[in-house]
Amino acid sequence: MRQQLFFSPTMRDVPSDAEAMSHQLMLRAGLMRQTASGIYSYLPLGLRMIQKIQTIIREEMNAAGAQELLMPAIQPSELWEESGRLGDYGPELMRLNDRHDREFVLGPTHEEVITTLVRDGIASYKRLPVNLYQIQTKYRDERRPRFGLLRGREFIMKDAYSFSVSDDELNETYESMYKTYERIFKRCGLDFRAVKADGGAISGSAGETHEFQALAAIGEDTIAYSDASTFAANIEIAATAAPTDEEIGVEQDLKEISADNLAAAVSGNSIELRNTLFFVDEKPVLVVSKAEDTISDVKLSGHFKTLAVQEASSKEVEALFGVEQAYVGPLHADEGLTIVVDHGLTHVKNATTGANAQGQYVTNVSISRDLADADIVDLRMIKEGDASPDGVGTIQFAQGIEVGQVFKLGTKYSEVLKAEVLDENGRSQPLKMGCYGIGVSRTLAAIIEQHHDENGIVWPQEVTPFDLHLLVLNAKADEQVELSEKLYETLQQDGYDVLYDDRKERAGVKFKDSDLFGLPLRIAVGKRASEGIVEVKERKTGVVHEVHVDELAAFLK
Ligand code: ATP
Ligand code: MG
Ligand code: MG
Ligand code: MG
């Protein structure tokens with residue numbers, strides 16, 4: 001591709017709301033542009049990247065025996081009514097009406113559509129198992145679209161759905177998808193961990209789920225893992241794997257506090273309150289703290305069901321948690337801690353708090369007021385540096401970007417949507433389903449989060465938009481142009497995808513843009529063109545080689 005004609009408008013001053021590095025670099029290098037909040041246009045350079053990632057996904061999914069199809073983005077609301085999700089999904093679901101006032105939704109996910117397709121298309125176990133996937137645009141009216149492609153309202157997802165009659169088959173497909181995801185994210189050059197996650201309302205072996213988390217400081221999830229062992233879990237369930245204080249012989253460090261001095265403590269800038277369990281009039285009080293000036297994305301499970309609180313006020317927290325009185329406010333102005341105080345809990349079980357201000361620990365508190373002798377049944381805590389639950393290695397905490405998730409759905413959708421087949425014995429059985437998602441556009445952003453330096457993007461080899469960046473340093477010098485044109489031809493004949501900067505810009509501008517674009521190798525044709533010598537620079541290391549054109553082909557191999 002000749003850069004003179006290549007539509008890749010660079011941007012010098014990125015908007016101040018572009019906080020994430022990947023967001024800034026994608027704007028600066030002209031990979032994408034915002035069209036509306038959380039809605040982006042992919043420019044040619046960005047689209048090339050998306051296509052590279054899609055190719056890796058397709059190759060690995062096909063190799064695992066999955067079949068590609070394409071479902072509509074627009075889905076009839078009745079289908080969501082039938083599955084019971086129309087109300088449950090909440091305001092993230094984008095809705096629209098057609099000219100006849102029929103109601104539709106813009107698909108945030110496709111369990112309903114795929115389940116009816118398989119229900120109507122397969123009647124016998126003999127045609128199973130089957131694993132179907134698509135790569136498609138999804139819509140979620142996120143409350144806080146942010147960080148560019150990391151959390152969009154329109155984004156590209158690969159979603160796969162497997163169907164089988166037996167648990168064994170479901171387990172096999174799940175295993176195979178798990179391994180496939182490992183290969184995909186490795187090929188994308190990502191440093192990631194597969195972590196156990198919360199299966200929500202689905203329990204048992206159906207309900208098993210793992211998230212694939214790319215390690216990055218900007219990541220919105222906190223994960224706990226140990227590289228020495230197989231332990232890895234996201235924060236919602238990490239603490240449930242930890243031994244109890246009693247088991248490890250630590251005295252429970254609980255403080256009691258009265259209703260009167262609670263208010264004083266709360267306003268008293270006391271960090272001591274963090275992740276501490278209090279009693280007010282013998283009622284347990286739950287304190288949740290997070291390093292934000294408002295509560296955001298603190299997930300509570302168990303008694304509370306799993307729900308995310310985002311920027312909630314006291315009143316909203318009371319409504320959400322069904323508590324009688326809630327206090328939400330900054331506990332310590334400098335650190336912006338926020339707490340929820342629940343005065344009215346009667347049966348708190350497995351309430352899991354998020355990370356503390358430094359993202360260093362999680363607490364899982366199980367309490368039952370039914371038990372006469374003790375209010376606290378179980379207090380578990382994991383800190384960085386703790387031994388792991390399986391006795392090997394020590395726990396590390398990290399921020400992660402959820403780039404993918406595999407999930408054993410079991411019969412959740414097949415039962416309500418009546419997707420059944422006849423088994424070996426001629427009995428009708430609801431299909432056992434699994435679903436497997438990858439955020440394609442989010443993966444692109446995650447790659448950039450992990451692969452950049454102060455000068456721009458540094459693409460990993462397998463997902464680079466072009467293989468080589470060829471630069472003619474002085475587009476007015478005949479011998480430079482002549483050699484560059486010749487190299488542009490021969491390099492392409494040799495099978496390289498070449499971006500050729502043939503613009504009439506100064507060498508400095510070309511070098512800067514080349515670093516920003518981040519192709520693995522830059523070949524600069526400059527003053528020594530007359531001797532047949534070019535300069536090859538490795539983007540990642542900055543190492544420069546002077547190479548004679550006769551030796552270039554061998555050098556590039
Ligand atoms: P999150 O916890 O970040 O909101 P999710 O758990 O709701 O994600 P899933 O329903 O598991 O997302 O969807 C499958 C994949 O789609 C996710 O693992 C993620 O990579 C991607 N994804 C989800 N929401 C978004 C979004 N708003 N923008 C970009 N990618 C997304
Ligand atoms: Mg979500
Ligand atoms: Mg998630
Ligand atoms: Mg998920």
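Assorted remarks:
- Ordering Phe555, Phe147 by the number of other Cβ atoms within 10 Å of each residue's own Cβ, fewest first, gives Phe555, Phe147.
- Chain lengthening between Glu81 and Ala123 when straightened (0.36 nm per residue, less Cα-Cα): 12.7 nm
- Translational diffusion of segment 427-501, µm² s⁻¹ [Kirkwood Rh, Cα pairs; Stokes-Einstein; 20 °C; 1.002 mPa s]: 132
- Flagged links, alpha-carbon separation over 28 Å, of Lys158/Lys557; Lys486/Lys512; Lys138/Lys408; Lys158/Lys418; Lys196/Lys540; Lys179/Lys418: Lys158/Lys557; Lys196/Lys540; Lys179/Lys418
- Sorting the segments 96-106, 392-402 by their mean number of nearby beta carbons within 10 angstrom, highest to lowest, gives 392-402, 96-106.
- Taking other C-beta atoms within 10 angstrom as a stand-in for reagent exposure, Glu172, Glu546 fall in the order Glu546, Glu172, fewest first.
- Distances between placed amide hydrogens fall under 5 Å for Phe231 paired with Ser226, all partners being 5 or more residues away or on another chain.
- Asp168/Gln54 FRET efficiency (R0 35 Å; Cβ-Cβ; nearest 0.05): 0.65
- Of every Cα-Cα pair in segment 404-459, the percent that sits beyond 19 Å: 56
- FRET E, pair Arg95, Glu454, Förster distance 45 Å, beta-carbon r, rounded to 0.05: 0.55
- Whole-number D in µm² s⁻¹ for segment 411-557, Kirkwood Cα-pair radius fed into Stokes-Einstein, 20 °C, 1.002 mPa s: 117
- Maximal additional length on extending the Glu546-Ala217 stretch stands at 114.7 nm, based on 0.36 nm per residue less the C-alpha distance.
- With the gyration tensor restricted to C-alpha atoms of segment 93-181, the semi-axes of the equivalent ellipsoid amount to 30, 20, 8 Å, longest first.
- Ser428-Asp497 pseudo-label distance in nm [points 7 Å out on the Cα-to-Cβ vector]: 5.0
- Using the alpha-carbon positions of segment 17-175, Rg (one decimal) and Dmax (whole number) come out as 18.0, 54 Å.
- Among Asp513, Asp390, Asp120, a tally of other beta-carbon atoms within 10 Å of each Cβ gives an order, fewest to most, of Asp120, Asp390, Asp513.
Readers should treat all values here as calculations from the given coordinates under stated rules, not as data from a laboratory. Here the structure is a predicted model, which is why all the values come from computation and not from measurement. Cβ sites come from the backbone with ideal geometry, for glycine too, and all protein chains shown count toward neighbours.
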